[in-house]
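The block underneath contains the structure these notes are about, expressed in structure tokens.
The values are calculated or read from the model by the stated rules, or taken from the named source; none is laboratory data. All of these numbers come straight from a predicted model, not from anything done at the bench. Counting neighbours? That spans all protein chains shown, and the Cβs are built from the backbone with ideal geometry, glycine included. Note: areas computed on protein heavy atoms with side chains; ligands, DNA, RNA excluded. Shrake-Rupley method; radii C 1.70, N 1.55, O 1.52, S 1.80 Å.
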Amino acid sequence: MDELRMRCKTRRKSGTEHWNRRFWASRESLRMEPFADVPLLPGEERVIDKDLIYVCPFSGAVKGKVFITNYRLFFKSSDMDPAVTLNVPLGAINRVEKMGGASSRGENSYGLDITCKDMRNLRFALKQEGHSRRDIFEILFRYAFPLSHGMHLFAFLSQEKFEENGWSVYSPMQEFRRQGLPNDKWRITFLNQQYELCDTYPTILMVPYKATEEDLRKVATFRSRCRIPVLSWIHPDNMAVITRCSQPLVGMSGKRNKDDERYLDIIRETNGTTSKLTIFDARPNVNAVANKATGGGYEGDDAYQNAELVFLDIHNIHVMRESLKKLKDIVYPNVEESHWLSSLESTHWLEHIKLVLSGAIQVADKISSGNSVVVHCSDGWDRTAQLTSLAMLMLDSYYRTLRGFQVLLEKEWISFGHKFASRIGHGDKNHADADRSPIFVQLIDCVWQMTKQFPTAFEFNEHLLVTVLDHLYSCRFGTFLYNCESVRDANELRTRTISLWSLINSDQASYVNPFYAAESSRVLYPVASMRHLELWVTYYIRWNPRIRQQQQSPVEQRYKELLALREQYLKKLEELQLSDSAPHLPNSTTPSPASPTQRVTHLHTPF
């Protein structure tokens, strides 16, 4: 096996070297010029540049130069003032295609079509002479999809340094202690320390005190992917818990597992007020029944007599992918004005947002009333993560802080194995992969909807949410790479890459909501009706220049102006106080006026 691996490696290496020789030869012939305008990151290297035409859907054909590095595609116009620029991380590219052929007729009909993951497309036109696009196509294809070409993602090449270490944001033990765990009902198990129990779960799990290690092993055999029910969150007062897992392996024959049934009953008993454990199955009922044909299924009333089953009707990853495609069709490049409401409705995007939010509200409501819940979908890493994290955001104000939100994403999404690599396709050329789906984008959209309904309840602002989504694709940081912790450990992610939270926590002021008012015990119940949900225009339609001009909130703008004014007044006050403390002439008999300090004693600013 080792010999075979070595042969494959040698063959791949020789193929890479051959390509590199050809590439460097063509690179020399292009005579790249210095470019002071392109903001290179530490570790970012320039690869190629080329004169071409950007076929802008808003400004028409724009002449300029495109620069490609090992991290980004950067375009700058040469004949417009102000200059038109594009700055696209290569990780955001979904597909690169050749447009037109040698015999194509029509202006700007020969070039490249680039489809992006962040709701935009790019088109570049080149001259129809020789093979003018071959070099740039091959290089762009290679660097946009490095994993498909035996190369590293940029996160492993970056040499950025930040004041804060984002990898220290989340510690499972610290987070459990914050929740008052372990206690006499719940304990920590290290059974998964080497990923032996479940290779897509984290190493540290919180399980019922009464459940033995052998119980956990038996339950794992009856849950899809061995993802057993484990604790995500406990209510500090009524001790009701949110637990998460995957579907039971019931199958067409209606199999039962006494260990699984008893385990759910033990979860119910950890909280004295839960007469019936509520099992929230995220799927539509018909889908859950269909899953029986592939060995899955749901908890039947006859087997789980102390539980009630609630289906939440949230559709699968394929439905969500098609829905976002339809949304992109009506917002890019131009907004479908004539039948906007009906066009938006036909995408069903807001309908899906509503169902996810509605499901999370039901979970939060059960917990608030003292009833423990189990949440699952099919495998427990998509819709389950949406429901648990949103319910926790509603219930626990800590997760509504800047740092707490980072902990929430690390805990419920990253550590519990949401398949980021499969859903996003980092560095992978297979754009038609059926595993691609905007599940995490939906979560951030739901959070944005909550920030709109509760504008003072969140310490972070919209800029944080957009930044998170931008770097979901960018591959600049290691935070969202790979499908689960076991693969991240195998690739030494924490030592070889930088965390997104390093960037954010080194510049917190940019991500803070100026209207935040901390409230420790308030539970948020957003209104999940179509009348109260909005399309997140400043994300989905942000590439439209008209929308971009309106992005700055007038209220936030005014607030910033007032803050600047406040700084001026405070500085003036300080100067007056310093002048007042200067020594006076000793023989002066003139009565001194009230000191500046006295004069401003009764001035109160509303800040």
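Restricting ALA220, ALA288, ALA293 to those that are at pLDDT 95 or above, among the small types (Gly, Ala, Ser) and closer than 16 Å to THR189 by Cβ reduces the list to ALA220.
The residues in the range 322-339 that are farther than 20 Å from CYS56 by Cβ and assigned to a loop (DSSP other than H, G, I, E, B) can be counted, and the count is 2.
Here's the yes/no breakdown for (1) touching a Lys or Arg at 6+ places or on another chain (Cβ under 7 Å); (2) in a loop (DSSP other than H, G, I, E, B); (3) more than 24 Å from LEU327 (Cβ to Cβ):
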residue: PHE67; (1), (2), (3): yes, no, yes
residue: LYS76; (1), (2), (3): yes, no, yes
residue: ARG105; (1), (2), (3): no, yes, yes
residue: ASP113; (1), (2), (3): yes, no, no
residue: MET119; (1), (2), (3): yes, yes, no
residue: GLY130; (1), (2), (3): no, yes, yes
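Just so you know, in the range 68-85 the residues that are at pLDDT 95 or above and hydrophobic (A, V, I, L, M, F, W, C) include one that is farthest from ASN121 (Cα to Cα), and it is ILE68. Does the range 493-505 include one or more residues that are in a loop (DSSP other than H, G, I, E, B) and open to solvent by 20 Å² or more (accessible area, probe 1.4 Å)? Yes, because at least one residue in the range 493-505 is in a loop (DSSP other than H, G, I, E, B) and open to solvent by 20 Å² or more (accessible area, probe 1.4 Å). Inside the range 311-327, residues that are in contact with a Leu (Cβ under 7 Å, 6 or more places away or on another chain) and either modelled with pLDDT under 95 or open to solvent by 30 Å² or more (accessible area, probe 1.4 Å) (or both) make up a count of 1. From the list PHE124, PHE154, the one residue that fits, being under 21 Å from the mean Cα position of the chain (by Cα), over 30 Å from ILE234 (Cβ atoms), touching a residue at least 60 places away in the same chain (Cβ under 8 Å) and surrounded by 21 or more Cβ atoms within 10 Å (Cβ to Cβ), is PHE154.
Scanning the range 194-211 for residues that are within 24 Å of the chain's Cα centre (by Cα), closer than 15 Å to PRO182 by Cβ and open to solvent by less than 10 Å² (accessible area, probe 1.4 Å) turns up just one, LEU205. Only one entry of VAL88, VAL62 meets the criterion of being under 27 Å from VAL441 (Cβ atoms) and crowded, with 19+ Cβ neighbours inside 10 Å, and that entry is VAL88. Taking SER474, is it in contact with a Gly (Cβ under 9 Å, 6 or more places away or on another chain), modelled with pLDDT of 95 or more and open to solvent by less than 20 Å² (accessible area, probe 1.4 Å)? Considered against the rule, which asks whether it is in contact with a Gly (Cβ under 9 Å, 6 or more places away or on another chain), modelled with pLDDT of 95 or more and open to solvent by less than 20 Å² (accessible area, probe 1.4 Å), SER474 comes out as yes. Annotation: VAL319 fulfils all but one of (1) assigned to a helix (DSSP H, G or I); (2) touching a residue at least 60 places away in the same chain (Cβ under 8 Å); the unmet one is (2).
Within the range 65-85, the residues that satisfy the criterion of being open to solvent by 10 Å² or more (accessible area, probe 1.4 Å) and in contact with a helix residue (DSSP H, G or I) (Cβ under 8 Å, 6 or more places away or on another chain) are ASN70, TYR71, ARG72. Only residues that are over 17 Å from GLY251 (Cβ atoms) and either among the hydrophobic types (A, V, I, L, M, F, W, C) or open to solvent by less than 10 Å² (accessible area, probe 1.4 Å) (or both) were counted across the range 212-226, and they come to 1.
If you filter the range 168-193 down to residues that are open to solvent by less than 30 Å² (accessible area, probe 1.4 Å) and part of a helix (DSSP H, G or I), you find that the one that is farthest from GLN508 (Cα to Cα) is PHE176.
Of all the numbered requirements in (1) over 30 Å from ARG542 (Cα atoms); (2) buried (at least 17 other Cβ atoms within 10 Å of the Cβ); (3) of a type outside the set (Asp, Glu), ARG142 misses one, and that requirement is (1).
The rows are residues; the columns are (1) over 20 Å from the mean Cα position of the chain (by Cα); (2) within 20 Å of VAL286 (Cα to Cα); (3) surrounded by 24 or more Cβ atoms within 10 Å (Cβ to Cβ); (4) among the basic types (Lys, Arg).
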site	(1), (2), (3), (4)
ASN334	yes, no, no, no
GLU337	yes, no, no, no
HIS348	yes, yes, no, no
LEU355	no, yes, no, no
ASP365	yes, no, no, no
SER369	yes, no, no, no
VAL375	yes, yes, yes, no
GLY380	no, yes, yes, no
ARG383	no, yes, yes, yes
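Pick from the range 426-468 the residues that are among the basic types (Lys, Arg) and over 29 Å from TYR398 (Cβ atoms): which of them is most open to solvent (accessible area, probe 1.4 Å)? Among residues in the range 426-468 that are among the basic types (Lys, Arg) and over 29 Å from TYR398 (Cβ atoms), the one most open to solvent (accessible area, probe 1.4 Å) is LYS429. Scanning the range 244-283 for residues that are in contact with a His (Cβ under 9 Å, 6 or more places away or on another chain) and open to solvent by less than 10 Å² (accessible area, probe 1.4 Å) yields ARG244, CYS245, SER246, PRO248, ASN271, ILE279, PHE280, ASP281, ALA282, ARG283. Can you find a residue that is within 16 Å of the chain's Cα centre (by Cα) and surrounded by 19 or more Cβ atoms within 10 Å (Cβ to Cβ) anywhere in the range 517-534? No, every residue in the range 517-534 fails to be within 16 Å of the chain's Cα centre (by Cα) and surrounded by 19 or more Cβ atoms within 10 Å (Cβ to Cβ).
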